[in-house]
Amino acid sequence: MSEILVVVEATGEFGVKKVTLEMLTLARQLGTPAAVVLGGPGAADALSPKLGEYGAAKVYAAEGEEIDGYLVAPKATVLADLVKRVRPGAVLLASSQEGKEIAARLAVKLDNGILTDVTDLAADGTATQVVFAGSTIVKSKVTRGLPLVTVRPNSLSPTPAPASQEVEQLTVTVSDTDKLARVVQRVAEQKGSRPELTEASVVVSGGRGVGNADNFKLVEELADLLGGAVGASRAAVDSGFYPHQFQVGQTGKTVSPQLYIALGISGAIQHRAGMQTSKTIVTVNKDAEAPIFELADFGVVGDLFKVVPQAVEEIRKR
Ligand code: FAD
């Protein structure tokens, strides 16, 4: 079976993002998963146990300041060299900002086709994409070169399948062109103790109906009680109620938690695009005709400022 290269998305603290585990799960259906770690010194050793737990039979490690200190260009160079050498059956990257940028550069370097934001990839190379804000499913194949795809986070359920693995260190050679942009400063996203929005199993989102930035404390309170992340509609973000990094939807983040609670959100198609694959959807809206009710598993027609404090009180009692 040919190797399926999975480019690892790591968190800053040497953790592995859930989308990497999803990609390893997918790779197991296509061939032999091989993880590629592109990071600072020691990254591969730190990440290997988790990668092995999800079936990575091999870990390719490209480590060093040259990789960590520069933007995507050196990573694409290392990957292009690796692909030419090992000729994998497919290459999977996360559909994150960085993943998509590396994938695009890799496609150019290899003169290869590319499919982005796929939600599934079959053994014959047919990729599934959900487009037009979730209204249309497209099946496509890369017709030039190997299947090079970026995988939309939260499309698959990661399942463990422990594999023993070998780690191979890759030589990192960075050209002057690769050094045209370098990282000068890293500013941590405003995070706090809440889980990352795209990885959280509970998301509580507020919309224009929340009214103002101060009222978002109510959304945060419910999220914290449930151990969840806070999201926001674009209307809430555009009105300055909550920062853009928490926007859910077509032009924000895509989430697929076990539980999504929409408070004061009408359910516009662009918002649905980012949350409609959530396992259970609960909404509170004072307008019984709001489109979000078509999607919700449980809905309360009512004023969120009356309903949510009661829910908070009930949860606190348990
Ligand atoms: P509204 O549509 O104004 O709905 C507010 C809701 O709150 C109403 O249903 C109202 O009944 C309810 N409400 C009011 N007060 C209360 C109360 N006290 N208690 C209970 N309910 C109350 N939107 C996104 O969210 N994410 C995106 O990524 C996104 N991308 C877009 C991209 C494009 C190209 C375009 C054109 C639009 C995009 N939008 C996006 C905007 C989208 O079309 C909607 O305008 C937006 O989602 C509406 O946000 P909302 O539901 O918070 O506000």
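Return yes when Tyr70 is crowded, with 22+ Cβ neighbours inside 10 Å, under 21 Å from Gly39 (Cβ atoms) and of a type in the set (Ser, Thr, Tyr) and no when it is not.
Values: crowded, with 22+ Cβ neighbours inside 10 Å: no; under 21 Å from Gly39 (Cβ atoms): yes; of a type in the set (Ser, Thr, Tyr): yes.
The answer is no for Tyr70.
Residue-wise test of (1) in contact (Cβ under 8 Å) with a residue 40 or more places away in the chain; (2) touching a His at 6+ places or on another chain (Cβ under 9 Å); (3) loosely packed, with under 14 Cβ neighbours inside 10 Å.
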residue	(1), (2), (3)
Leu110	no, no, no
Ile114	no, no, no
Ala123	yes, no, yes
Val138	no, no, yes
Arg144	no, no, yes
Pro153	yes, no, no
Pro158	yes, no, no
Val167	yes, no, no
Val174	yes, no, no
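Which one is farthest from the ligand (Cβ to nearest atom), of the residues in segment 194-211 that are under 15 Å from Val308 (Cβ atoms) and assigned to a loop (DSSP other than H, G, I, E, B)? So the residue we want is Gly211. Residues in segment 63-102 that are under 17 Å from Leu24 (Cα atoms) and among the small types (Gly, Ala, Ser): Gly89, Ala90, Ala94, Ser95, Ser96, Gly99. For segment 272-318, the set of residues classified as within 29 Å of Gly134 (Cβ to Cβ) and aromatic (Phe, Trp, Tyr) consists of Phe293, Phe298, listed by residue number.
In segment 303-318, the qualifying residues are those that are surrounded by 13 or more Cβ atoms within 10 Å (Cβ to Cβ) and either at positive phi or part of a helix (DSSP H, G or I) (or both), and the one that is nearest to the ligand (Cβ to nearest atom) is Leu304. Looking across Leu93, Leu51, Leu24, one residue alone is touching a residue at least 12 places away in the same chain (Cβ under 8 Å), under 20 Å from the mean Cα position of the chain (by Cα), crowded, with 23+ Cβ neighbours inside 10 Å and not in a helix (DSSP H, G or I). It is Leu93. Each residue in segment 191-205 was checked for being polar (S, T, N, Q) and touching a Pro at 6+ places or on another chain (Cβ under 7 Å), and 2 of them qualify. Among the numbered conditions (1) crowded, with 19+ Cβ neighbours inside 10 Å; (2) within 12 Å of the ligand (Cβ to nearest atom); (3) β-branched (Val, Ile, Thr), the only one that Ile269 does not meet is (1).
Which residues, counting only those in segment 231-273, are of a type in the set (S, T, N, Q) and either part of a loop (DSSP other than H, G, I, E, B) or within 15 Å of Ser201 (Cα to Cα) (or both)? I'd like the intermediate steps shown before the answer.
Residues of segment 231-273 of a type in the set (S, T, N, Q): 233, 239, 245, 247, 250-251, 254, 256, 258, 266, 270.
Of everything in segment 231-273, those that are of a type in the set (S, T, N, Q) and either part of a loop (DSSP other than H, G, I, E, B) or within 15 Å of Ser201 (Cα to Cα) (or both) turn out to be Ser233, Ser239, Gln250, Thr251, Thr254, Ser256, Gln258, Ser266.
Looking across segment 285-302 at every residue that is aliphatic (A, V, I, L, M), under 30 Å from the mean Cα position of the chain (by Cα) and not in a helix (DSSP H, G or I), the one that is farthest from the ligand (Cβ to nearest atom) is identified as Ala296.
Those residues that are outside any loop (DSSP other than H, G, I, E, B) and surrounded by fewer than 21 Cβ atoms within 10 Å (Cβ to Cβ), I need them from segment 127-136; list them, please. Scanning segment 127-136 gives Thr128, Gln129, Val130, Val131, Thr136.
Annotation: of all residues in segment 191-237 being hydroxyl-bearing (Ser, Thr, Tyr) and surrounded by fewer than 18 Cβ atoms within 10 Å (Cβ to Cβ), the one that is nearest to Ser96 (Cα to Cα) is Ser201.
Considering segment 1-21, the residues that are in a strand (DSSP E or B) and touching a residue at least 40 places away in the same chain (Cβ under 8 Å) include one that is farthest from Gly55 (Cα to Cα), namely Val7.
For Gln276, state whether it is more than 8 Å from the ligand (Cβ to nearest atom), at pLDDT below 95 and part of a helix (DSSP H, G or I). Steps first, please.
On the way: more than 8 Å from the ligand (Cβ to nearest atom): yes; at pLDDT below 95: yes; part of a helix (DSSP H, G or I): no.
No, not satisfied.
Taking the stated definitions as given, is Asp224 away from the ligand (no atom under 15 Å from the Cβ), out of contact with any helix residue (DSSP H, G or I) (no Cβ under 6 Å at 6 or more places or on another chain) and not in a loop (DSSP other than H, G, I, E, B)? When the stated conditions are applied, Asp224 passes them.
Residues of segment 227-266 that are among the polar types (S, T, N, Q), more than 7 Å from the ligand (Cβ to nearest atom) and under 20 Å from the mean Cα position of the chain (by Cα): Gln245, Thr254, Ser256, Gln258.
The values are calculated or read from the model by the stated rules, or taken from the named source; none is laboratory data. All values reported here derive from a predicted model rather than from experimental measurement. Here Cβ is always computed from backbone atoms with ideal geometry, including for glycine, and neighbour counts include all displayed protein chains.
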